[in-house]
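Scroll down for the structure; my scribbles are underneath it.
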Amino acid sequence: MKAIRIVLILVCISTVGYSQVTIWPQAGVNLSTSVYNDDSPTDGSNFIYVAFDGSPAPTDYRIYKRKVSESLNFGFYGGVAVDIKVNDQISIRPGLIYSLNQVRVVVENWAVSGGLYSYTGVERTQNRKYITLPVNLVLHHKLWKSEVQTFIGPYVGLALDGGTYSEKGVAGSGTSSGAITQASFYTLSSKMQTRNVPEGNSFGEGQYYNPLDIGFNFGVSYLIGRTMISLKIVRGFTNSQPHFEGSREDDRSQLGSRNFNASLGLSYRIF
């Protein structure tokens, strides 16, 4: 709420001070993912594992190999921006954007316990909804009868409940080389939630995500008449992993993820 008030105050002050204020509704598609850093130790030290029934795993349980892979997936965004001209070359452009970002990640673990090797693999697909407040510095470059703009600035995003979540998993025994000799499969689906995992919950952590997303975006726009085509890159700084309470990944630094997307969209000046 504080960020929204700041944006509104900036718009009001600038509207009084400058006559060149324009409003740009916008919409487009994005390719999004979450960039993971996996700091989980693979020598068994300081790694806490809880079995699916909530009981502790064997004390000699050791993950000796872990692989995390991400992919880019399609989503969309829409909203409005207010362009406040400082002079012919510079403007300030706050906005209010709704976006749907699809994140898909595969996490694979190879472990050994009591001389027996095991494998677990999970593919998680999250449809995350955000309301985002970007504030960009825009540089205007005249190009004959058109214009090229470059922009950069910070943003604050607030995640919303209601996105969908699906999970496909496999668990089984294997060999020291990583081959799977016996496996069982499962699937599940639910709604995404922007809150902590209930205490003691040792699975389903992919259904939750951090409601706050802070980062920066930059890009380039081509303006002709009242229409503007924009290409932008968005990079989050905050960890989108949830704040686990009593679950096996209580230390969020072990598997951190930060939002990333590239988008292409159209804007049209209405004022």
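Checked against the criteria, T238 counts as part of a loop (DSSP other than H, G, I, E, B) and either under 17 Å from V35 (Cα atoms) or modelled with pLDDT of 80 or more (or both).
Yes or no, residue by residue, for (1) of a type in the set (S, T, N, Q); (2) modelled with pLDDT of 95 or more; (3) surrounded by fewer than 17 Cβ atoms within 10 Å (Cβ to Cβ):
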| residue | (1), (2), (3) |
| --- | --- |
| N101 | yes, no, no |
| N109 | yes, no, no |
| E123 | no, no, no |
| N127 | yes, no, no |
| T132 | yes, yes, no |
| L139 | no, yes, yes |
| V148 | no, yes, yes |
| V156 | no, yes, no |
| G162 | no, no, yes |
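Sub-8 Å Cβ pairs linking a first residue in the stretch 252-268 that is in a helix (DSSP H, G or I) to a second residue that is at pLDDT below 70 and of a type outside the set (A, V, I, L, M), at least 6 apart or interchain, are R252/P242; R252/H243; R252/F244; S253/D39; Q254/D38; Q254/D39; Q254/S40; Q254/F47, ordered by first then second residue. Residue pairs whose Cβ atoms lie under 7 Å apart, separated by 6 or more positions or on different chains, with the first residue in the stretch 149-176 and closer than 30 Å to N109 by Cα and the second modelled with pLDDT of 90 or more and of a type in the set (D, E, K, R), are A159/K129; A159/D213; G162/K129; G163/K129. For the stretch 241-264, the candidate set comprises residues that are open to solvent by less than 20 Å² (accessible area, probe 1.4 Å) and more than 20 Å from T33 (Cβ to Cβ); within that set, the residue that is modelled with the highest pLDDT is F244.
Is it the case that some residue within the stretch 204-213 is at pLDDT below 90, touching a helix residue (DSSP H, G or I) at 6+ places or on another chain (Cβ under 8 Å) and assigned to a strand (DSSP E or B)? There is no residue in the stretch 204-213 that is at pLDDT below 90, touching a helix residue (DSSP H, G or I) at 6+ places or on another chain (Cβ under 8 Å) and assigned to a strand (DSSP E or B).
Taken over the stretch 70-107, the criterion of being under 24 Å from K168 (Cβ atoms) and of a type in the set (D, E) is satisfied by E70 alone.
The values are calculated or read from the model by the stated rules, or taken from the named source; none is laboratory data. What you see is a predicted model, and the numbers here were worked out from it, not measured in a lab. Note that we place each Cβ from the backbone using ideal geometry, even for glycine, and neighbour counts take in every protein chain shown. Please note that ligands, DNA and RNA were not included when accessible areas were found on the heavy atoms of the full protein model with its side chains. Shrake-Rupley method; radii C 1.70, N 1.55, O 1.52, S 1.80 Å.
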